[in-house]
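First comes the structure, then the notes that go with it.
The values are calculated or read from the model by the stated rules, or taken from the named source; none is laboratory data. From a predicted model like this one, the values you see are computed outputs, not experimental measurements. We place every Cβ from the backbone using ideal geometry, glycine too, and count neighbours over all the protein chains shown.
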Ligand code: PMP
């Protein structure tokens, strides 16, 4: 295998190797990626997550302070005193664990409250919670899509949704290309029992949005169901932070909304919001819910975080001040930030070696941002992916902009449309 052209997929089941040999071979590939600077950093931090964190990077002299552009804690709620207080109350009152999966004793009052609160947040009647956002997506799709059904996915949806489609009748449409989607739906019209269309609200690598209004109309015209994962939209998009459904008033039109408690809500866990009948179906047919524990009592912090979106809207305003300041700064340097309309901001570089060099230089300048390489994105689309928080200061953002300004002079980084 040519390591230069390989991807993680090539190591899923290489011919002729037993499980141990396969692991050894994969380790060789990881060493190769590490040497090339293409393996995502797994730096360790012992400080609280926030806009500035401590990282231990031996190659850069040990523990140092870095501006963090890697967190999805968009409103800073994982550090909010009232969220922490509610989480601590949960532990003091109920303990640290729930002892069993929900069907056999691990279903507490706060689980029901969390389900009711997240459903009401989207002006809907029912929700189910899962251990993570990943499982909410994969497990609900696994349970939902039957042998005679078709699932059609945008090609840029999150891995967890793709996981739920494995082994199903699945087709993929070009990102946000609704004409392509329509061709597929037309062709599928009388050939499948149910048609599901799966999209993200905010796309996790580019920060661009689904064309939700047109999409919902199209899919419903073809008698299909719309399933949307808005992990990165909630708390960020819309006047009151309800995510991508809000600007178009599509509360009742997206058939199934999924999401996570690990980003804006500052904790961990996932949810699916749908009709009461579907939710009850999931509670007994979705195996990862039936046979796995869900939220621990510390998740009572999430109940407070949901309230804070309405009680303290100033965090979303601060986040957008930061996003607007940062994106206009990057554009005026001449960098290509694609079509982002959220708090996820890519700087597109389009060359693997150069992306590795930029991320190394950012680190040396005290800025922590993730390089996103092939095969996560195509080779021509490698980038530095950043996300902002409400709690970044203007000074910190200006420091990052200064570093990018210097790098853009020094290195042949791809230029954007607007200069
Ligand atoms: N959906 C999207 C769009 C994501 O980006 C992620 C992961 N970051 C998930 C789902 C999974 O969420 P979690 O990490 O909470 O399991």
Neighbours by Cβ (under 6 Å, 6+ apart or cross-chain): first from the range 136-155, farther than 18 Å from residue 278 by Cα and modelled with pLDDT of 95 or more; second outside any helix (DSSP H, G or I) and within 12 Å of the ligand (Cβ to nearest atom) | 153/198; 154/199
The range 112-134: number of residues that are in contact with a strand residue (DSSP E or B) (Cβ under 6 Å, 6 or more places away or on another chain) and within 12 Å of the ligand (Cβ to nearest atom) = 4
Only one of 272, 254, 219, 236 that is assigned by TED's automatic domain parsing to the domain that holds residue 120, modelled with pLDDT of 95 or more, buried (at least 20 other Cβ atoms within 10 Å of the Cβ) and assigned to a strand (DSSP E or B) | 272
What do you reckon, is residue 158 within 16 Å of the ligand (Cβ to nearest atom), more than 23 Å from residue 317 (Cα to Cα) and either assigned by TED's automatic domain parsing to the domain that holds residue 375 or surrounded by fewer than 19 Cβ atoms within 10 Å (Cβ to Cβ) (or both)?
-> no
Criterion (over 17 Å from the mean Cα position of the chain (by Cα), at pLDDT below 95 and more than 22 Å from residue 128 (Cβ to Cβ)) met by exactly one of 211, 191, 195, 174 | 191
So which of 390, 343 ends up being crowded, with 17+ Cβ neighbours inside 10 Å, out of contact with any strand residue (DSSP E or B) (no Cβ under 9 Å at 6 or more places or on another chain) and closer than 25 Å to residue 73 by Cβ?
-> 390
Only one of 329, 360, 301 that is buried (at least 23 other Cβ atoms within 10 Å of the Cβ), in a helix (DSSP H, G or I) and over 18 Å from the mean Cα position of the chain (by Cα) | 301
Looking only at the range 78-99, decide whether some residue is part of a helix (DSSP H, G or I), within 16 Å of the ligand (Cβ to nearest atom) and crowded, with 21+ Cβ neighbours inside 10 Å.
-> yes
